[in-house]
1. Whether any residue in region 96-114 is open to solvent by 30 Å² or more (accessible area, probe 1.4 Å), free of Cβ contacts under 8 Å to residues at least 60 places away in the same chain, under 26 Å from residue 214 (Cβ atoms) and of a type outside the set (Lys, Arg) is what I want to check.
2. Since residue 518 meets every condition but one in (1) exposed (fewer than 12 other Cβ atoms within 10 Å of the Cβ); (2) more than 34 Å from the chain's Cα centre (by Cα); (3) not aromatic (Phe, Trp, Tyr), which condition does it not meet?
3. Pick out the one residue from 289, 298 that is under 30 Å from the mean Cα position of the chain (by Cα) and either at pLDDT 95 or above or acidic (Asp, Glu) (or both).
4. Please go through region 301-319 and give me each residue that is at pLDDT 90 or above, closer than 26 Å to residue 358 by Cβ and open to solvent by less than 70 Å² (accessible area, probe 1.4 Å), ordered by number.
5. Would you say residue 153 is under 28 Å from residue 244 (Cβ atoms), in contact with a Pro (Cβ under 7 Å, 6 or more places away or on another chain), outside any loop (DSSP other than H, G, I, E, B) and open to solvent by less than 80 Å² (accessible area, probe 1.4 Å)?
6. Under 7 Å between Cβ atoms, at least 6 apart or on separate chains: pull out the pairs that start in region 56-79 with a residue that is within 19 Å of residue 100 (Cβ to Cβ) and end on any residue that is polar (S, T, N, Q).
7. Within region 126-141, track down each residue that is exposed (fewer than 14 other Cβ atoms within 10 Å of the Cβ) and not acidic (Asp, Glu).
8. From the list 293, 328, which one is of a type outside the set (A, V, I, L, M), part of a helix (DSSP H, G or I) and closer than 24 Å to residue 244 by Cα?
Amino acid sequence: RAVLRKASALEYKIQRRALRKEDFINYIQYEINLLELIKKRRARIGYSFKKDEIENSILHRVHSLFNRAIGKWKEDIQLWLSHVAFCKQWNAKHQLSKVFSSMLAIHPNKPALWIMAAKWEMETQLSSESARHLFLRALRFHPECPKLYQEYFRMELMHAEKQRKEKKEFEQAKMDLGEFNYSEEILNGEMARIIYRDAAQKIKGVEFHLAVLSIAKLFDFTQDLQKEILERHGAFSLQTKYADDPLTWDYMARRELELGSLQSTEHTTKQMKVSEMTQREERCCAVFEEAVRTVPTEDMWKCYIAFCLERYNRKTNSEGLKQKRLERTLSVFNQAHESSLLPEALYKQWLQLLLESNLFEKATEVAEAATKRFSLSVEMWQMRLQVLIQLKSGDVTQCFEEAVKHVKSKSTLPLWTLWVEWSEGTNSKEDTEALYQESVTMKEKYLDWTYRNGGYKKVKRVFTSLCENRPFSLDFFRKMIQIEKEQESCKMLHLREYYERALREFGSTDSDLWVDYIKEELSHPQGKPENCGSIHWRAMKILQGDLVEDFISKYTLLQTGHL
């Protein structure tokens with residue numbers, strides 16, 4: 001009866017003249033939850049009576065709801081994807097094929113949807129022909145989309161690998177291959193080669209070539225294909241044609257790690273492995289050193305530093321190798337900094353590394369240099385201050401004052417927050433209070449601190465004085481309302497004053513404030529429910545745009561007792 005009552009209520013909502021997407025979503029979610037509940041209960045008690053009749057009718061209803069919702073809101077991609085996910089979860093292959101077909105007809109301009117459909121055909125339906133057909137259709141709409149070419153390239157290599165495995169199994173079983181047609185060209189990845197050649201004529205930039213190369217490396221029969229990608233336009237074309245691109249140098253440097261590795265034999269000792277790894281990393285760094293001379297840019301230094309950090313974070317039992325990696329990483333950070341090409345985001349990683357290595361003096365120098373170079377950056381000042389606080393330096397207050405002078409007043413809140421938190425744990429109450437009074441951006445925190453340390457009467461005086469100076473935040477008023485409500489003798493007269501002050505500032509942009517005010521009048525022992533009508537009238541007059549509808553819906557819920 002409860003299920004019937006709930007389903008009927010949801011059904012009525014989707015039969016209205018003015019349909020709402022949320023009603024369909026709620027109905028669909030309810031039915032899906034019901035399906036999950038039935039599934040769990042059947043599994044728990046081992047009961048399968050009328051399984052097909054019950055589950056199939058619910059599944060059919062969910063598909064119908066999705067179809068109605070999608071028919072009304074075709075442009076909503078999330079609805080389509082939810083239907084796809086539902087079909088996959090309940091193994092509705094026939095229905096999913098229809099969903100993909102309709103979705104691609106309406107949204108052919110989204111390559112990700114074509115890729116999703118093709119992957120499903122390839123991996124779930126095991127139909128490489130259908131996947132190929134989808135990719136070819138997609139490329140007619142997006143002839144220069146790198147991602148489509150990459151996934152099509154991958155699909156053809158997967159198909160070739162699958163056929164190679166099948167052929168190998170048949171040969172091991174000594175079966176006659178007469179009726180099976182395994183083309184040597186397809187087995188060797190010729191289809192993928194054709195795709196790459198076609199793409200290379202249309203897509204410029206080294207990123208595509210490197211992405212295709214990384215895909216080809218996943219398959220052990222693509223050595224010739226990899227060589228063609230590297231040398232398509234002459235010897236080491238990637239390095240010559242895209243010599244100014246940091247990604248080219250990054251690839252060529254990392255390639256040194258794969259070259260010249262020792263063969264694993266019984267006589268290979270740990271020391272020999274460490275020595276070999278050291279040599280390979282040094283060859284990588286030699287290429288990177290040439291790269292930063294040839295392409296002296298921030299992006300190039302980022303690639304070099306990223307490589308050094310990766311190697312440093314790799315686990316090794318050799319303390320010597322670990323120390324060498326640390327020294328190399330710190331040296332590269334320093335070189336980039338001296339060249340004035342170290343990006344802002346990397347200074348934080350440099351400082352963390354210095355602090356972990358107990359190089360405190362150097363960390364202080366680096367933090368100071370970072371704030372000189374990026375003097376308007378809040379993050380840089382925060383970073384420097386955190387270093388000084390961590391090292392318990394005596395220059396913290398001076399640094400805070402310097403930071404507030406440099407950074408724009410609108411962005412100083414994180415600095416003030418850090419300053420008062422440090423002051424609360426270090427300085428006297430008088431110093432902390434003076435600091436709060438100096439800051440105009442931390443009013444709500446000032447109220448909270450005053451209440452904790454001075455009590456209710458003092459926080460009321462502070463609130464009144466702070467109200468004389470703009471700007472205000474909504475949290476400032478809500479904090480005072482919260483403090484008032486925590487008192488045993490909470491007075492509605494005071495709450496009205498705080499709500500009225502807040503509404504003067506934020507009444508046109510916040511519908512929740514009006515609803516909370518009405519709730520207070522209704523629920524407070526000293527409240528006056530007769531005031532709710534005038535508050536409602538004022539809200540309708542003052543609120544802007546869609547906020548009026550939002551307020552009406554919340555007010556209706558409040559009246560029915562659902563809010």
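The values are calculated or read from the model by the stated rules, or taken from the named source; none is laboratory data. Because the structure is predicted, anything quoted here is derived from the model rather than measured. Neighbour counts run over all protein chains shown; Cβ positions are idealised from the backbone, glycine included. With ligands, DNA and RNA removed, areas are computed over all heavy atoms of the protein, side chains included. Shrake-Rupley method; radii C 1.70, N 1.55, O 1.52, S 1.80 Å.
1. yes
2. Answer for residue 518: the failing condition is (1).
3. Result: 298 is the single residue among 289, 298 that is under 30 Å from the mean Cα position of the chain (by Cα) and either at pLDDT 95 or above or acidic (Asp, Glu) (or both).
4. Answer for region 301-319, where residues must be at pLDDT 90 or above, closer than 26 Å to residue 358 by Cβ and open to solvent by less than 70 Å² (accessible area, probe 1.4 Å): 301, 304, 305, 306, 307, 308, 309, 311, 312.
5. Taking the combined requirement at face value, the residue does not satisfy it.
6. Short answer, once both residue conditions are applied: 63/95.
7. 126, 133, 136, 140
8. 293
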